[in-house]
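The values are calculated or read from the model by the stated rules, or taken from the named source; none is laboratory data. Treat the numbers as computed from the prediction; the structure is a model and nothing was measured. Virtual Cβ from ideal backbone geometry, glycine too; neighbours counted across all protein chains shown. The area values use the complete protein model at the heavy-atom level, side chains included, leaving out ligands, DNA and RNA. Shrake-Rupley method; radii C 1.70, N 1.55, O 1.52, S 1.80 Å.
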Amino acid sequence: GFSVDSINDETNRKIGRCDRNGNTILAGRIVELCGLIRRYAPECRIKINTVVSALNKDEVMCDFIDEIAADRWKILRMKPFQYGSFSNLDIQVSNEEFEEFVERNREKKQEEKEAGKEVRAGAEAGMETARRKIVVEPDMKASYVLIDSNGCLLDNAVDEMTPVAVCDCLREDFADGLRRLTLDRERYEARYSDSLS
């Protein structure tokens, strides 16, 4: 699994996907790594997660996804939050902008298919991109296990924007905390099923 929110270096810096010196992992490096995975572990399935925010909402990433021959591309809408002094409300994306990102990246693939264009994934992989599955998650409410920077297990079932701490994982038993957590287990477990659903 790779988290790739942008294939633009400057956008990745704005999102915070860089080291303290501003260095990012270049899209070409991810393509190279995926080519190595396909060569040396051909049965390995590759999943890409992309979180859509105001910073990357206009990108077209489907060619990149096809080039690395991802088995599944999960597109998630950025979860807005206000938690203590931390907030990402300045980069939240509207429902319409999220849907436009999804459709823009789906339509390009559909247009190529209708035009009869054979799209090949990664020269080294030699695999057709028809294998790619797109999964869209417009919200993450009660379907992720979230732990904040203080080590607290957070519950976002009631108010996704302002999660509530249900367990201090540094001082309490994590299993007890999980029992207090509101979690849609079916949705959570589906992410890790063999079918990559």
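Would you confirm whether or not the range 49-58 contains a residue that is over 23 Å from G16 (Cα atoms), surrounded by fewer than 16 Cβ atoms within 10 Å (Cβ to Cβ), among the small types (G, A, S) and at pLDDT 95 or above? Checked against the condition, which is being over 23 Å from G16 (Cα atoms), surrounded by fewer than 16 Cβ atoms within 10 Å (Cβ to Cβ), among the small types (G, A, S) and at pLDDT 95 or above, the range 49-58 yields no hits at all.
Of all residues in the range 34-49, those that are touching a residue at least 12 places away in the same chain (Cβ under 8 Å) have Cβ atoms under 7 Å from Cβ atoms of residues that are open to solvent by 60 Å² or more (accessible area, probe 1.4 Å), 6 or more apart or on another chain, in G35/E124; R38/E124; R39/E124; K47/G1; N49/G1; N49/S3.
Being part of a helix (DSSP H, G or I) and either farther than 23 Å from V136 by Cβ or at pLDDT 95 or above (or both) is a condition met by no residue of the range 67-88.
Restricting G35, G28 to residues that are assigned to a helix (DSSP H, G or I) and open to solvent by less than 20 Å² (accessible area, probe 1.4 Å) narrows the list to G35. Checked against the criterion of being over 30 Å from A54 (Cβ atoms), at pLDDT below 95 and not in a helix (DSSP H, G or I), the candidates S149, S143, S193 yield just one match: S193.
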